[in-house]
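Notes follow once the structure below has been shown.
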Amino acid sequence: VRAGRLPPCDLVVCSGEPRHVYSGMVPGWLAGRYTLDELSLDTASLVREAGGRWRDSHVTAIDPGARLLTLADGSTESYDVCSVAVGSAASGMSLPGVADHAFPLKPLRTVEAIGARLDEIAHAGGGDVVVVGGGMAGVEVALALRARATIEAAATSIRIAIVSRDAALAADRHPRLSRQLQRACERHDVELLLQTSPVHVRADRIALQRGDARFNRAADLVVWATGAASMPWLRESGLPVDGSGSLLVNDQLRSLGDPRVHAAGDCATLASAPDTPKAGVYAVRMGPYLASSLANALGAPHPAPPFHPQPRFLALVNTGDGRAIASYGAGVAEGKWAMRWKDWLDCRFIARFAPVAPRDSVR
């Protein structure tokens, strides 16, 4: 599907983050592969270049009946047609101490803080890093931090562990990928604390629970790489949501409760395919369909084509050592060729919005 231009309208974009970080490249930045400019977009400038108005504040509430958005700065914005693409927050942030002492993987300022904190630990002679979350993101970040420690010549003095409540890494994917991820962690001396849950986080340690046993683990840096959690104001909107609080939408990405409200990405759940994973590949592919649906809602004559998610998707996991693990269904392979492939795909995606210099070699 090719998304057409929107009919004449007053375009307003509300977000408290003027730069958008492409999460797929965050582990590469932590490992020293990319600069921040190469993995983030100046969305405020892009909006203004498109003739829109940028509001530097997050939305905190939506009133569909009044067609009104409330922003974090206390102001409001009215709308005729609304598009919600607020992504998700990390789950478990309400656990004691997490908000004060742990670092989630977004927004940009916390990504920078993770790198800076690891560098501090390395320069101080070493310490303990705990990554909470055993999905592909958690594994990538742990391996990236190991690579960064190696750059800082502190690989042996920094201990890295992954905490996951599941019995295997990336438990929602094929077991072959789980085994390959485990081998990569073992190869780079990343400890796995599986079937283990966090209880609370303090400035220098994390309390963990495994079965009936509770124990403390030293932690100079805790990175929070858990699964997706919906923004609470979506559930409070009165619009239909699924069990996790994501907006329920039809195949044209319109709310089941109000066709003027659209949603895409992690904050949306397709009523026709509710088990679709909250993965970036689906959010990206929703984009043109969302644009077509918005254009139709604004009066464009062409119908909005339905979005049907693909049953499987390619995953490429950066292992931080110049290689990547590629998986598609039951197929799993690893090598430098996979990292070159990932690098090409990621940089080509970013270049669609903010061209960067071509990358001729793998760093």
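The values are calculated or read from the model by the stated rules, or taken from the named source; none is laboratory data. Everything quoted here is computed from the prediction, not taken from an experiment. Virtual Cβ from ideal backbone geometry, glycine too; neighbours counted across all protein chains shown. Calculation scope for accessible area: heavy atoms of the full protein, side chains included, ligands and nucleic acids excluded. Shrake-Rupley method; radii C 1.70, N 1.55, O 1.52, S 1.80 Å.
Odds and ends about this structure:
- Residue tally, condition in a loop (DSSP other than H, G, I, E, B) and either among the hydrophobic types (A, V, I, L, M, F, W, C) or touching a strand residue (DSSP E or B) at 6+ places or on another chain (Cβ under 8 Å) (or both), over segment 88-116: 10
- Of the numbered criteria (1) modelled with pLDDT of 90 or more; (2) open to solvent by less than 60 Å² (accessible area, probe 1.4 Å); (3) farther than 18 Å from Met25 by Cβ, the one Gly329 fails is (1).
- Listing of strands (runs of 3 or more DSSP E) fully contained in segment 20-86 that carry 1 or more residues being small (Gly, Ala, Ser): 40-42, 59-63, 76-78, 82-84
- A Cβ distance below 6 Å, combined with a sequence gap of six or more or placement on separate chains, defines the contacts here; from segment 59-71, residues that are at positive phi reach residues that are outside any strand (DSSP E or B) in the pairs Arg67/Tyr79.
- Single residue of Asp220, Asp251 found to be of a type in the set (D, E, K, R), surrounded by fewer than 22 Cβ atoms within 10 Å (Cβ to Cβ) and over 29 Å from Gly97 (Cα atoms): Asp251
- Residues in segment 219-238 include none that are free of Cβ contacts under 8 Å to residues at least 60 places away in the same chain and part of a strand (DSSP E or B).
- Of the residues making up segment 269-300, those that are in contact (Cβ under 8 Å) with a residue 60 or more places away in the chain, surrounded by 17 or more Cβ atoms within 10 Å (Cβ to Cβ), in a helix (DSSP H, G or I) and of a type outside the set (Gly, Ala, Ser) are Tyr289, Leu290, Leu294.
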